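The values are calculated or read from the model by the stated rules, or taken from the named source; none is laboratory data. Fair warning: this is a prediction, and the values are worked out from it, not measured in the lab. As a convention, Cβ positions derive from the backbone with ideal geometry for all residues, glycine included, and neighbour counts pool all protein chains shown. Ligands, DNA and RNA are stripped out before the accessible areas are found, and what is left, the full protein with its side chains, is counted by its heavy atoms. Shrake-Rupley method; radii C 1.70, N 1.55, O 1.52, S 1.80 Å.
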Amino acid sequence: MLSPPQFLKQDIMLRVLYSLMPVAATAIYFFGWCVISIIAVSMIFAFFTEWVMASWRKGKISYACFVSAGIYALSLPPTTPLWIAAVGIIMAILFGKEVFGGFGRNVFNPAIVGRAFVFVCFPVELTGRFVPVFTGFPGGFGHWSMASLEQLPGFITEAGLRVVDAVTAATPMWTNRDYGFTSSTLSLFLGNIGTIFEYEGQKMVLAAGSMGEVSALVILLSCVYLLLTKTAHWRLSLSTLLGAFIASLVFRYIFGFKTVPPPLFTLFSGALFYAAVFMVTDPISAPKVVLSQWIYGFFIGIMIVVFRFKSIFAGGAAFSILLGNMLAPSLDLWITRVKKPKKGTTPDSKEALSS
């Protein structure tokens, strides 16, 4: 029997929710009001799942379930069916957090667990129906969702032709790797992603990816807020971005892998920037030791680049972070043991170890 819901007050989680608000508002502008439905469904099912589990273990509902739901929802494409959004967040809360005993005990980032689950189980729905963004005024605020190719400038189409049914749509990462079409860095930074190009005589749509990853500028502003309020550790975000930046330099210009895009394109395309700010910085699944945080972020950044050019799917942020989550506890343990002076060491040798 469900007990009346009782909440565990967490100011830090409220600040993360505040930081997600401009990202959500920007997503509505770019994709339409359908964004709200995906966020709402994710939060409702996250709350219900945690409420059931909290009642069973006689605990409280954490605000973290809403944070996980928000981060998860904004990591989805705007065309994601609502039932898939619901299934993913149930799996996220149930198997990403509650199975470990609730808030503070989970090894993996729940939002990433849910995102990876739906990505693997429903690849067609998650990767086969990307859409471009709205531009101008009022943008998506005047529409439910992007539906017609007539909304793209410079493209004449027959009545009733739809983006998801008529042409192949691909995100900037896919178009760069598979079709050799490179989006401008400025468009990736601002978020105005959407045009028509031709590949071997076939019309292609340059489409945006997930709802929250489109505008690096807005994500950067949210990152500043998180850092100023000391909600997120800057080392985790910076090391992730540095790892991806350096990996793209090495793979492209030293090893000669031309399918690896230039460093700036790497930073602003796909979910890298969004993941570095909202996912890698999860205080529960990330390591606690300073040196561990640097290694952890570098590892995730490098693995994102590796997944992008070597895997079947062009995106790899979720799987890279899950690998990092598995590594985090061992990193803290190894580095703590290395820094811990052995029995009988002198003060000088102890200082040498800590340095």
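Condition check for residue 248 on (1) touching a Pro at 6+ places or on another chain (Cβ under 8 Å); (2) part of a helix (DSSP H, G or I); (3) within 25 Å of residue 30 (Cβ to Cβ); (4) open to solvent by less than 50 Å² (accessible area, probe 1.4 Å): one failure, at (3). Please find, within segment 188-205, the residue that is nearest to residue 275 (Cα to Cα) out of those that are open to solvent by 20 Å² or more (accessible area, probe 1.4 Å) and small (Gly, Ala, Ser). Of everything passing the filter in segment 188-205, 194 is nearest to residue 275 (Cα to Cα). When the test is whether a residue is of a type outside the set (S, T, N, Q), more than 26 Å from residue 211 (Cβ to Cβ) and without any contact (Cβ under 8 Å) to a residue 12 or more places away in the chain, residue 291 does not pass it. Inside segment 124-153, residues that are open to solvent by 20 Å² or more (accessible area, probe 1.4 Å), in a helix (DSSP H, G or I) and at pLDDT 85 or above make up a count of 2.
For segment 42-61, state whether one or more residues are surrounded by fewer than 22 Cβ atoms within 10 Å (Cβ to Cβ), touching a Leu at 6+ places or on another chain (Cβ under 7 Å), of a type outside the set (Phe, Trp, Tyr) and in a loop (DSSP other than H, G, I, E, B). The answer is yes, given that some residue of segment 42-61 is surrounded by fewer than 22 Cβ atoms within 10 Å (Cβ to Cβ), touching a Leu at 6+ places or on another chain (Cβ under 7 Å), of a type outside the set (Phe, Trp, Tyr) and in a loop (DSSP other than H, G, I, E, B).
On the basis of being at positive phi, at pLDDT below 95 and not in a helix (DSSP H, G or I), does residue 230 make the cut? Against the criterion (at positive phi, at pLDDT below 95 and not in a helix (DSSP H, G or I)), residue 230 qualifies.
Would you point out the residue of segment 299-318, among those that are open to solvent by 60 Å² or more (accessible area, probe 1.4 Å) and either among the aliphatic types (A, V, I, L, M) or in a helix (DSSP H, G or I) (or both), that is nearest to residue 272 (Cα to Cα)?
Applying the filter and picking the extreme gives 302.
The set of residues in segment 155-173 that are open to solvent by 50 Å² or more (accessible area, probe 1.4 Å) and either among the charged types (D, E, K, R) or at pLDDT 75 or above (or both) comprises 158, 162, 165.
Can you confirm whether residue 323 is assigned to a helix (DSSP H, G or I), at negative phi, under 16 Å from the mean Cα position of the chain (by Cα) and surrounded by fewer than 22 Cβ atoms within 10 Å (Cβ to Cβ)? Reasoning before the result, please.
Working: assigned to a helix (DSSP H, G or I): yes; at negative phi: yes; under 16 Å from the mean Cα position of the chain (by Cα): yes; surrounded by fewer than 22 Cβ atoms within 10 Å (Cβ to Cβ): yes.
Judged against the criteria, residue 323 is a match.
Within segment 206-235, being within 20 Å of the chain's Cα centre (by Cα), surrounded by fewer than 16 Cβ atoms within 10 Å (Cβ to Cβ) and either within 18 Å of residue 301 (Cα to Cα) or of a type in the set (Lys, Arg) (or both) holds for 220, 234. Look at segment 46-62: where a residue is of a type outside the set (Gly, Ala, Ser) and a partner is assigned to a loop (DSSP other than H, G, I, E, B) and open to solvent by less than 40 Å² (accessible area, probe 1.4 Å), sitting 6+ places away or on another chain with Cβ atoms under 7 Å, you get 57/102.
For segment 236-245, the count of residues that are surrounded by fewer than 21 Cβ atoms within 10 Å (Cβ to Cβ), free of Cβ contacts under 8 Å to residues at least 12 places away in the same chain and farther than 28 Å from residue 28 by Cα is zero.
Within segment 260-274, the set of residues being of a type outside the set (S, T, N, Q) and either within 13 Å of residue 240 (Cα to Cα) or in a helix (DSSP H, G or I) (or both) comprises 263, 264, 265, 267, 268, 271, 272, 273, 274.
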